[in-house]
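Everything on this sheet refers to the single structure shown next.
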Amino acid sequence: MRILVQKFGGTSLSTSEARDHVVSHIRRELENGFRLVVVVSAMGRKGDPYATDTLLELAAEGQGFLPPREQDLLMACGEMISAAKLCSLLAECGVASTVLTGAQAGFRTDSHFGNARILEIVPTRVLEELEQDKVVIVTGFQGQNLTGDFTTLGRGGSDTSATALGAALHAEIVDIYTDVNGILTADPRIVEDARPLEYVSYAEICNMAHQGAKVIHPRAVEIAMQSGIPVRVRSTFSEGEGTLVANPEGFKDVQLGIVDRYVTGIAYVANVTQIRVEAAGKGADNLQLQVFKAMAENAISVDFINVTPTGVVYTVFDKDALKAESVLNALELSPQFLSGCAKVSVIGGGINGVPGIMAKIVEALTEQNIQILQSADSNTTIWVLVHKDDMVQALRALHDKFELGR
Ligand code: ADP
Ligand code: ASP
Ligand code: MG
């Protein structure tokens, strides 16, 4: 059985015109001889009826508090509405389909509501339905814990449902359909001349996704990478094949192109706060330990960590800054806070050892009078922290400097 997994994101399902495109992608692949598993997200984005954010807003009205378990139950509804709608559209054109919830499709997760990890997938029911020649529509983003409660896989988690199912079913390929023509050198909403990439390696896009490129969930890429399933990121609104994600060895004809490019793309994470804590007479070793232990104990995630002989500098999300301040004040430290920052990343497998990349970054930013608040590098990424007001200009300047555009 040749199995293909197709995943359709929120904007791909939000209007009847978009849904017509979805149906035509399904029909084309059936004609190509595939058995299809179609993973759907909730329709639309914030403000649209049935979108995940809209459901969350509904729960946030008034003074009540919705516990995490019940919040997952609520969020799971969006995908079920999409799935049922798609089933009826397929029936209209004579395509037999069946809808399975995450639990029915065999997703077993831990109980970390809102961000559950998949423990295993037992896709018996999916296979049975495929054998009966049905298109199997699976509600993305959800699973079931060991006590039978609904769980969700973290925002953007339908991508993870798709690649995890692809791996469990030994699918030939997983197609992630979205509202852009594949993976681009930067977010096209910010960098207008961002260029679609024909091929990227799992490592390249995994890095970009971790650094904020929202086009695919990083966990989804990790799962595909572990099982070696190729993924295509492509547009619902065109017939283009988008970007192929696989191991470079898979790209025999273009392997050199991939290996040769040292910068793949630019990504960003907005809304972070820089925190600086100086030892001021106390032993710095003790201070470093105290700070990071306290952050961990209070479940505050830290990033961009620079440890110096006299103190520490790091970032937290703006939303966690107040909590971090009270934790540090309780330790009688005197932290300095700079909110409204953005982390901009230059990503590429070949950065390591190429001379002059940092110089180019500094040149691009200083030419625009953009202040670099902090920087760090690894063998695949160089990060700079800038004021959020400078972020868009910084992304465009770096994109130009590395000649990533069309
Ligand atoms: P979906 O609802 O289909 O899952 P998302 O909004 O999660 O869609 O992801 C698609 C969006 O990702 C695009 O609209 C685009 O603005 C954004 N994006 C960010 N970085 C990139 C990038 N490097 N390439 C393509 N799209 C990107
Ligand atoms: N509907 C979920 C979300 O908005 C999952 C997804 O879209 O992938 O996060
Ligand atoms: Mg998404």
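Structure notes:
- Consider the stretch 23-46 and keep the residues that are touching a helix residue (DSSP H, G or I) at 6+ places or on another chain (Cβ under 6 Å) and within 16 Å of ligand 1 (Cβ to nearest atom). The one that is nearest to G78 (Cα to Cα) is A42.
- Residue check: G62 meets all listed conditions (1) surrounded by 14 or more Cβ atoms within 10 Å (Cβ to Cβ); (2) more than 21 Å from E131 (Cα to Cα); (3) of a type outside the set (S, T, N, Q) but one, namely (1).
- Some residue of the stretch 290-308 being surrounded by 19 or more Cβ atoms within 10 Å (Cβ to Cβ), in contact with a helix residue (DSSP H, G or I) (Cβ under 9 Å, 6 or more places away or on another chain) and not aliphatic (A, V, I, L, M): no
- When the residues of the stretch 144-165 are filtered to those that are among the charged types (D, E, K, R) and within 16 Å of ligand 1 (Cβ to nearest atom), the one that is surrounded by the fewest Cβ atoms within 10 Å (Cβ to Cβ) is R155.
- Restricting the stretch 22-51 to residues that are within 13 Å of ligand 2 (Cβ to nearest atom) and either in contact with a Cys (Cβ under 9 Å, 6 or more places away or on another chain) or part of a helix (DSSP H, G or I) (or both), the residue that is farthest from L130 (Cα to Cα): Y50
- The combined condition, being surrounded by fewer than 17 Cβ atoms within 10 Å (Cβ to Cβ) and either under 21 Å from V231 (Cα atoms) or at pLDDT 95 or above (or both), is fulfilled by L119.
- Members of the stretch 97-116 that are over 20 Å from the mean Cα position of the chain (by Cα), buried (at least 16 other Cβ atoms within 10 Å of the Cβ) and without any contact (Cβ under 8 Å) to a residue 60 or more places away in the chain: S97, T98, V99, L100, T101, A103, Q104, R108
- Looking only at residues in the stretch 136-167 that are aliphatic (A, V, I, L, M) and in contact with a helix residue (DSSP H, G or I) (Cβ under 8 Å, 6 or more places away or on another chain), the one that is nearest to G33 (Cα to Cα) is V136.
- Whenever a residue of the stretch 144-157 is in a loop (DSSP other than H, G, I, E, B), its partners that are among the hydrophobic types (A, V, I, L, M, F, W, C) and crowded, with 20+ Cβ neighbours inside 10 Å, lying with C-beta atoms within less than 6 angstrom and at least six residues away or across chains, give the pairs L153/A116; L153/F141; G157/F141.
- In the stretch 202-217, the residue that is nearest to N247 (Cα to Cα) out of those that are more than 16 Å from ligand 2 (Cβ to nearest atom) and in contact (Cβ under 8 Å) with a residue 60 or more places away in the chain is A203.
To keep it simple, each residue is scored yes or no on (1) touching a Lys or Arg at 6+ places or on another chain (Cβ under 7 Å); (2) within 16 Å of ligand 2 (Cβ to nearest atom).
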| position | (1), (2) |
| --- | --- |
| R125 | no, no |
| L130 | yes, no |
| T151 | no, yes |
| H170 | no, no |
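- Of the residues in the stretch 79-96, none is under 28 Å from G33 (Cβ atoms), without any contact (Cβ under 8 Å) to a residue 40 or more places away in the chain and crowded, with 17+ Cβ neighbours inside 10 Å.
- Single residue of the stretch 178-209 satisfying the filter (assigned to a strand (DSSP E or B) and modelled with pLDDT of 95 or more) that is nearest to ligand 3 (Cβ to nearest atom): T178
- Among (1) surrounded by fewer than 21 Cβ atoms within 10 Å (Cβ to Cβ); (2) within 15 Å of ligand 3 (Cβ to nearest atom); (3) touching a residue at least 40 places away in the same chain (Cβ under 8 Å), the one test that R45 misses: (3)
- Hits in the stretch 110-158 (condition: among the small types (G, A, S) and in contact with an Asp or Glu (Cβ under 8 Å, 6 or more places away or on another chain)): S111, G114, A116, G140, S158
Residue-wise test of (1) in a strand (DSSP E or B); (2) out of contact with any Cys (no Cβ under 7 Å at 6 or more places or on another chain); (3) without any contact (Cβ under 8 Å) to a residue 12 or more places away in the chain.
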site: Q290; (1), (2), (3): no, yes, no
site: K293; (1), (2), (3): no, yes, yes
site: I300; (1), (2), (3): no, yes, no
site: V313; (1), (2), (3): yes, yes, no
site: P355; (1), (2), (3): no, yes, yes
site: N369; (1), (2), (3): no, yes, yes
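- Single residue of V362, V269 found to be modelled with pLDDT of 95 or more and not in a strand (DSSP E or B): V362
- Only one entry of E79, E129 meets the criterion of being touching a strand residue (DSSP E or B) at 6+ places or on another chain (Cβ under 7 Å), assigned to a helix (DSSP H, G or I) and within 16 Å of ligand 1 (Cβ to nearest atom), and that entry is E79.
- Any chance T54 is β-branched (V, I, T), without any contact (Cβ under 8 Å) to a residue 40 or more places away in the chain and more than 14 Å from ligand 2 (Cβ to nearest atom): no
The values are calculated or read from the model by the stated rules, or taken from the named source; none is laboratory data. As the structure is a prediction and not an experimental result, all values here were calculated from the model. Note that each Cβ is placed from the backbone with ideal geometry, even for glycine, and that neighbours are counted across all protein chains shown.
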